[in-house]
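Everything below concerns the one structure shown next.
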Amino acid sequence: LQPCLAHHSSAVAMVKTKASKEAMRWADDGAEGPIERSPSDAGNDFDIRMQEEPDGMLAAQKIVQVLKERGFCLVQANAPIPLIQTAFEEAESLWEEGEFKPPIRVHDDRSLLEAQLWSHALQDVERSVWIREGDSKAIHLKNALKLLGRNMADFCAGLGPLLEKELGVRFDRLGQPLLTCYTGDATHRVHIDNPHDGEEGSLPDNGMRVSCTYYINPCWDPEGDNQGGMDIYMTDPSITSSSSSARKCPRTRVAPHMDTLVLHLSERIVHQMLPTTGSSDRWYSLQLWALNGDAMQQMSRKLLAMRQPAKEPDSDDD
């Protein structure tokens, strides 16, 4: 099967995109596909701009249609600029306070299972803070971040019925928002958040259905290299593609500019966080996942079974 997304003439007219001003670029080794969509001087090449959508239900229908056709959707969320700036300042304060840690610390069997559950989606996240509603620690530093996290959850939950109807994608819970920071000299792997394929002995279904990333960085240089942003490989969302085959497909490049919301199907879309260099710049995003509870419970049982020692075969000797 061809893993790359074909260009259909029947594309939905309501979704407008523009050709990027950035020249099409190829990897030096020829291993990666071209960057087909990328930011312009004005910012990201959004599929949907919420400030232009007076009808929320119609906007949801448009977003789900884009997800159905491409597997991902770039949304300008239209959050108030002062709120985003305050959230960024809170993130900087949390950094200065030393609050950023690996997202999961393994200390017992339960946390080990949790780490295995989330390993693919969080494999490159080294600096993060969970934004929990009931967290009293540094609570004064998280008010704007908590509000944005709630808005993300509400936005994603509102897409649920349409996603189930149009794509058969079902979720019944949302994870806690995770504030991530990309900085320093770091490269990141090409991956799928939930790479299960249903085959016996393969990776279990970790329950992730929709992945949401929201950038809060007010300063972004359109002449730069979009450090801390994301490359999305434009594969066919109706099939599961391997990371190796997806690398040959065209890419959409996303700048880490504030008020950019990236939605993608966790079981289908291959993506990569862009590398960072140097230690002075820090790029923040809020991440959140829509989850299927039944699949998560089945995975926990499967992981537990995989960790049990195999039984010795019964001896035929009496």
Original post:
From the cross-link list 62/302; 62/248; 101/302, which pairs have alpha carbons spaced over 31 Å apart?
Top reply: 62/302
**OP:** Arrange the residues 52, 267 by how much accessible surface each exposes, largest first, with a 1.4 angstrom probe.
**Re:** 52, 267
Original post:
Computed FRET efficiency, Cβ-Cβ of residue 164 and residue 49, R0 35 Å: what is it to the nearest 0.05?
Top reply: 0.85
**OP:** Please list the non-local residues whose amide H lies under 5 Å from the amide H of residue 210, H modeled 1.01 Å from N, same-chain partners needing a gap of 5 or more.
**Re:** 266, 290
**OP:** Determine how large the accessible area of residue 107 is when every protein chain is in place; take a 1.4 Å probe and give Å² rounded to the nearest 10.
**Re:** 150 Å²
**OP:** Between residue 61 and residue 197, take the C-beta separation as r, use R0 = 30 Å, and let me know the FRET efficiency to the nearest 0.05.
**Re:** 0.50
Subject >> Heavy-atom accessible area order for 247, 253, largest first, 1.4 Å probe >> reply: 247, 253
Original post:
How much accessible surface area, in Å² rounded to 10, belongs to the heavy atoms of residue 277 with a 1.4 Å probe?
Top reply: 90 Å²
Subject >> Table column - 3J(HN,Hα) (Hz), the stretch 296-304, Karplus curve with 6.51, -1.76, 1.60, x for Gly and Pro >> reply: 5, 5, 5, 5, 4, 5, 5, 5, 4
Original post:
Of 191, 257, which has the most accessible area and how do the rest follow, probe 1.4 Å?
Top reply: 257, 191
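The values are calculated or read from the model by the stated rules, or taken from the named source; none is laboratory data. Since we're looking at a predicted model, the values are computed, not measured. A quick note on method: Cβ atoms are made from the backbone with ideal geometry, for glycine too, and the neighbour counts reach across all protein chains shown. Ligands, DNA and RNA are excluded from the accessible area calculation, which covers all protein heavy atoms including side chains. Shrake-Rupley method; radii C 1.70, N 1.55, O 1.52, S 1.80 Å.
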